[in-house]
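So the structure is just underneath, and the comments pick up after that.
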């Protein structure tokens, strides 16, 4: 079966054909245009441009989804109201289309084709601008009562703590999201703390502290970088500890930019930090680095379409 | 079908016949003796003493359970090693017997017969000496990968915060468990804070701050009592917020001594506190006071036996 995965990101739209072994066969990328009509047209054009005819399409979208409808997407211009992504793409392409929140798609992708294979109680944690999450429980993707499950980034670990992008205080994301980590650095530097982070970013022509900038500063043992990362690891450990105490997980997968850059040593640190909060230790619980890496978005979306098509869980 | 529920507590063993409408028909109570043999003999004697012949027996036990085996029970003398409660009672009685952790049994009881009826994504929170919890997810009791799910009391909400009975810091229980609340009061009084809590306990001939003592001190607006309860409500709100952000629950049930005494106003306060941490609000999510009250233990255990017997999930 030929399946197409679409990663509808705030910066780029990536469209790819993915084979039965979850490998990318052909891929196109285009800058994300403004507005739902233009975005959906770009996806349709991308799918049609692929050499192989598709049997099904999976789309990962950056916001909450209910029945294929993207409810809102703060990082996509013009998506401030519900857009029926699955139905509109399905009608335009004449194909079954499934749409899923990108963090949820990511955990399903890792579960089907990556570091989550074989797990039955899996938490995926995505370290990006914010902190995303997704759950597989009892061997099935878990969405909760109203479709909003897996918001790991907003698990409160320090009541009254640092301000999060969501407006609340003490969320995991307030310590471990790239945007919040950068704010902590800028605030400390503004108060006179020394750090090579800002100049490393400037040297590399970046206007923000990318995962690469963080990795270099940590290699050079920049005090402030080490301190902010320690806080991130500690908050991730508490959040994952909360999830394990509630859910008794058998696997935790860490992915996203900074996880990819810092690799297994970061995963090991987070695992140790979480064990400090875990009531019932279990030797069979494993922590792993996400395996799909750069192609995660499209491979996950394609895996989702494949799974949905096999189980008949798609708009015909 | 005649089903017997057994509540094997640290102080008393309660054995009851429970009818098809989850009402207690007949009940016996005896002080809990020391040692597994004596405890199991007391349960067998209690079941035989009931007028109606039983078709199945459910037992709630104060510790982690795997396949009917009570692994350990800190509050039961001599239960410092695994005891095969279900198999030993089953052999002695010649009946199908299921054994379950009492917090898990409690949430199943509320779900089948109490304030959790109709919920599909339910968290039960039990405010006792400690803080217990249990989950029903997707319309089924949830036990996790290794049987240790539902440890709501040990969700960390304040990293580096108050010391919990489990030896960790900042758990929900460190603020909302009766033992920890009492410690907070004793520590404050030792430092010179004024409070009517200790004298209320003495007046009532209690050597600890019971739920009744708390209720009276709060009625009389004792500053320290109000302050310690505020902290408990705040920690419960953060922990429930964590669970909702991860699991998108449709119902939360609060039970246990202090919840029973303070009633719906406490439930409403905890609901408001949790909403401050909830990313995706939902009008259809409800918070309720546990309905089975004093009979919860035996009714829950009986409901469990009934459910297990109906699904064939019991040792024959």
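Å³ per residue of the Cα convex hull, for chain A?
Cα convex hull per residue, to the nearest whole number: 135 Å³.
Using the count of nearby Cβ atoms within 10 Å as a rough guide to exposure, how do A:251, B:269 rank from fewest to most?
Neighbour counts put them in this order, fewest first: B:269, A:251.
What is the helix-to-structure angle for B:36-49, meaning the angle in degrees between its Cα long axis and the longest Cα principal axis of chain B, kept from 0 to 90 and rounded to the nearest 10?
Computed tilt is about 70 degrees.
Among B:22, B:81, which comes first, then next, by fewest other beta-carbon atoms within 10 Å?
B:81, B:22
Expressed as an acute angle from 0 to 90° and rounded to the nearest 10, what is the orientation of the C-alpha long axis of helix A:178-190 relative to the principal long axis of chain A?
It is inclined by approximately 30 degrees.
Hey, any idea what Rg/Rh is for segment B:118-290, computing Rh the Kirkwood way over Cα pairs?
0.98
Could you calculate the contour length gain from residue B:206 to residue B:81, that is, 0.36 nm times the residue separation minus the distance between their Cα atoms, to one decimal place in nm?
Here the segment from residue B:206 to residue B:81 would lengthen by 41.8 nm.
Would you calculate the volume per residue, in Å³, of the smallest convex hull containing every Cα atom of the protein assembly as shown?
Hull volume over Cα atoms, normalised by residue count, gives 167 Å³.
Restricting to DSSP H runs of at least four residues, report the calculated mean residue ellipticity at 222 nm for chain B, -39500 (n - 2.57) per run over all residues, nearest 500 deg cm²/dmol.
Per the formula, -13000 deg cm²/dmol.
Just need the relative contact order of segment A:1-51 here, percent rounded to a whole number, with Cα pairs under 8 Å and 6+ apart.
With pairs under 8 Å counted, the relative contact order is 31 percent.
What do you get for the angle between helix A:257-275 and the principal long axis of chain A? Use alpha-carbon atoms, 0 to 90 degrees, nearest ten.
So the inclination is approximately 60 degrees.
Can you give the % of DSSP beta bridges in the protein assembly as shown that are antiparallel, to the nearest 5?
Around 60 percent antiparallel, to the nearest 5.
So what does log10 I(q)/I(0) come out to for segment B:254-303 at q = 0.23 Å⁻¹, using the Debye formula with one equal point on every Cα and no solvent?
Scattering profile of segment B:254-303, log10 relative to I(0): -0.85.
Going by how many other beta carbons lie within 10 Å of each one, how would you line up B:191, B:206, fewest first?
Fewest to most other Cβ atoms nearby, the residues stand as B:191, B:206.
Compute the projected area of the convex hull of the Cα atoms of segment A:88-171, averaged over all viewing directions, and report it in nm² to one decimal place.
Mean projected area of the Cα convex hull: 7.5 nm².
Considering only DSSP beta bridges where both residues belong to segment B:55-129, give the percentage that are antiparallel (nearest 5).
The antiparallel proportion sits near 40 percent.
Take residue B:45, project a point 7 Å from its Cα along the Cβ direction, then tell me which residues of segment B:1-30 have their backbone nitrogen under 13 Å from it.
B:13, B:29-30
Shortest first and in nm to one decimal, what separations exist between residue A:27 and its copies in the other chains, measuring from label points 7 Å along the Cα-to-beta-carbon line?
6.4
Can you give the % of DSSP beta bridges in chain B that are antiparallel, to the nearest 5?
60 percent
Just counting partner chain Cβ atoms within 10 Å, what average do the residues of peptide A:115-122 show around their Cβ?
1
Kindly state, as a whole number, the per residue volume in cubic angstrom of the convex hull around the alpha carbon atoms of segment B:127-173.
Cα-based convex hull of segment B:127-173, divided per residue, equals 93 Å³.
Return a whole-number percent for the relative contact order of chain B, with Cα pairs under 8 Å and 6 or more residues apart as the contact set.
Answer for chain B is 22 percent.
If you average the sequence gap of Cα pairs under 8 Å that are 6 or more apart and divide by the length of segment A:118-290, what percent do you get for the contact order?
Computed over segment A:118-290, the figure is 23 percent.
Let me know the shape class of segment A:1-159, please: from the alpha-carbon gyration tensor, a ≥ b ≥ c as square roots of the eigenvalues, rounded when a/c is under 1.5, otherwise prolate if a/b is greater than b/c, or oblate.
Since a/c reaches 1.5 but b/c is at least a/b, the shape of segment A:1-159 is classed as oblate.
Coordinate-derived values only; no laboratory data. Please read all numbers here as calculations on a predicted model, not as lab measurements. So basically every Cβ, Gly included, is an ideal-geometry build from the backbone, and we count neighbours across all protein chains shown.
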